[in-house]
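The values are calculated or read from the model by the stated rules, or taken from the named source; none is laboratory data. What you see is a predicted model; the values in this text were computed from it and never measured. Using ideal geometry, Cβ is built from the backbone for each residue, glycine included, and neighbour counts are taken over all protein chains shown. Remember, those area values only see protein heavy atoms, side chains included, never the ligands or the DNA or RNA. Shrake-Rupley method; radii C 1.70, N 1.55, O 1.52, S 1.80 Å.
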Amino acid sequence: MAGAGEIHVSPKGDDAGAGTAAAPLRTLSAAAARARAAGGARIVLADGTYETAEPFVLTAADRHLVFEAAPGALPVVSAGRRIADWTVDAKGWWRARVSVGARFAQFYVDGQRRTRPFLPRTGYYFVETAGGADPATGRERFICRKGEFPTGDNPDMEVCVFHIWSITRAKVAAWEPDLRRVTLDSAHLTRDYEAMNNDRWYRFDNVRTALGEPGDWYLDSAKGEIVYVPMPGETPGTCETVAAWHRHAVRVDGAADVVFRGITFAYADFGVQAGGNHVAQAAADQPGAVHVEGARGVRLENCAVAHTGAYGAVFTRGSERCAAVGCEFFDLGAGGVRIGDGWEKTRKPVLSKDCTVEECLVEEGGRVDPAGVGVWVGHGAGTQIAHNTIRNMYYSGVSVGWNWAIVTTARDNVIEWNHIYDIGQHVLSDMGGIYLLGAQPGTVERYNHIHHVTRSRNCGFGVYFDSGTAFVTVTNNVTATSSARASRPRTAWRTTSSRMVRATS
């Protein structure tokens with residue numbers, strides 16, 4: 001160990017080294033293990049990309065750690081794996097081997113998200129009529145319009161259905177061509193705002209037989225091969241190609257007083273789960289690239305979180321004094337920051353307390369699940385959400401509270417001096433630039449600037465008081481919303497991003 005409690009790491013280091021600037025360690029796990037034995041340390045990250053064979057995890061044994069970029073360095077902690085050894089076939093498509101059985105749902109070229117083949121290529125399909133629950137399995141079904149179900153062999157094909165303020169993403173479990181009936185690997189949805197009727201639009205994702213547009217990619221898990229249709233000018237020898245691999249870039253379980261400073265976390269994966277991906281609101285059960293549970297004093301300072309399959313950062317299950325300050329969250333599968341619990345099927349929710357999201361930029365969210373929120377607070381108390389810019393989302397900018405009755409799930413939260421715009425974009429509905437829900441004694445919402453909130457179906461507001469909202473002080477906000485209703489979606493949901501992180505060796 002170098003100096004007083006200082007450990008150096010570098011992608012070019014050696015975990016058997018001394019941990020000095022001249023002889024750095026190679027992995028964050030090795031550095032954390034040495035710091036744990038010393039009761040804490042400052043861990044300095046040299047420039048480069050830190051790919052992990054397994055997700056980097058800190059536990060209750062970890063205390064008083066600072067992970068900090070070296071002066072002038074731009075370290076990237078990657079949950080992805082670089083794809084190499086491409087071959088080019090007669091069509092000009094790239095092909096590379098991956099392990100048989102590999103599963104990942106996001107892929108990037110030169111730090112830009114690429115898309116799996118989907119249908120239709122413009123706009124959406126519309127459900128003809130509901131199909132009811134499968135009596136044998138209870139799965140959701142619907143009737144597809146004539147000629148719209150993709151032809152050919154399409155293993156692992158998914159359907160993404162747009163409800164009013166949420167989506168269902170699930171694999172196709174069965175197709176009955178005579179009835180044009182699609183069965184999803186998803187439970188039957190019985191509530192009216194989720195029902196599969198002819199007011200629901202959808203698209204097919206991961207359609208192997210539709211592969212062919214520049215920027216398309218497809219993973220043949222059974223064969224152990226990824227295929228990519230390059231964009232004009234791309235060549236295998238000059239492009240950096242990364243597959244999202246792990247669900248988290250870092251996971252913190254029960255640790256205390258841990259700071260990450262000046263570090264980028266990228267390429268966390270999240271795909272469709274068994275039984276489908278569906279939660280009634282805000283993608284509130286989805287994980288974070290930086291995922292913190294039951295921890296105290298975990299801080300992200302001047303960091304970036306990008307290229308995620310779900311949320312950027314999550315502070316949940318009773319986490320306290322956690323913060324994201326001066327950070328950038330972009331190209332997000334769902335939302336930016338998630339604080340507190342939502343519904344818990346197996347345990348009573350626990351308040352996450354005294355967390356902060358301040359002076360952050362959250363943009364280009366909802367690229368996988370458009371119901372993600374810029375900053376979401378469920379069962380949370382004492383949260384400070386201040387001086388943030390939140391833009392280019394498909395659902396609410398900030399959402400606080402988690403009960404549709406006069407029941408307290410959140411309290412003493414402050415939402416102030418935020419700039420929130422380009423929200424909704426005619427993709428989802430029943431949302432707000434700032435969305436409040438349930439009784440929230442002591443909560444204050446003030447001095448926010450909200451504009452360009454546009455819905456696809458029913459309501460969209462600058463500030464939205466939904467069911468049971470009570471005991472909230474709202475004052476001195478500026479809202480200029482454009483919320484004209486569209487009976488059909490005006491624009492297609494965009495799943496690409498303009499911002500990028502490119503890893504370095």
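Using beta carbons and a limit of 6 Å, which pairs, at least six apart or on different chains, have the first residue in segment 461-479 and more than 22 Å from Gly424 (Cα to Cα) and the second one open to solvent by 80 Å² or more (accessible area, probe 1.4 Å)? The qualifying pairs are Gly468/Trp404; Gly468/Ile406; Ala470/Ile406; Asn476/Tyr447.
All conditions but one from (1) among the small types (Gly, Ala, Ser); (2) farther than 18 Å from Val250 by Cβ; (3) part of a loop (DSSP other than H, G, I, E, B) apply to Gly333; the one that does not is (2).
Among all residues of segment 206-220, there is at least one that is in a loop (DSSP other than H, G, I, E, B) and without any contact (Cβ under 8 Å) to a residue 60 or more places away in the chain.
Residue-wise test of (1) under 15 Å from the mean Cα position of the chain (by Cα); (2) on the phi > 0 side of the Ramachandran plot.
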{"residue": "Arg367", "(1), (2)": "yes, no"}
{"residue": "Gly382", "(1), (2)": "no, yes"}
{"residue": "Asn388", "(1), (2)": "no, no"}
{"residue": "Asn392", "(1), (2)": "yes, yes"}
{"residue": "Trp402", "(1), (2)": "no, no"}
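Taking the conditions (1) touching an Asp or Glu at 6+ places or on another chain (Cβ under 9 Å); (2) of a type outside the set (Val, Ile, Thr); (3) open to solvent by 40 Å² or more (accessible area, probe 1.4 Å) in turn, Gly39 satisfies each one other than (1). One residue stands out in segment 351-410 among those that are of a type in the set (Ser, Thr, Tyr) and assigned to a strand (DSSP E or B): the one that is modelled with the lowest pLDDT, namely Thr408. Take the residues in segment 260-318 that are within 30 Å of Asp134 (Cβ to Cβ) and charged (D, E, K, R), then tell me which one is surrounded by the fewest Cβ atoms within 10 Å (Cβ to Cβ). Ranking the candidates gives Asp285 first. The strands (runs of 3 or more DSSP E) found entirely in segment 69-183 that carry 3 or more residues being surrounded by 13 or more Cβ atoms within 10 Å (Cβ to Cβ), within 19 Å of the chain's Cα centre (by Cα) and modelled with pLDDT of 95 or more are 76-78, 107-109, 112-114, 158-162, 167-176.
In segment 455-473, of all residues being surrounded by fewer than 16 Cβ atoms within 10 Å (Cβ to Cβ) and among the polar types (S, T, N, Q), the one that is farthest from Trp402 (Cα to Cα) corresponds to Asn458.
Out of Ser396, Ser429, one residue alone is out of contact with any helix residue (DSSP H, G or I) (no Cβ under 8 Å at 6 or more places or on another chain) and over 21 Å from Val314 (Cα atoms). It is Ser429.
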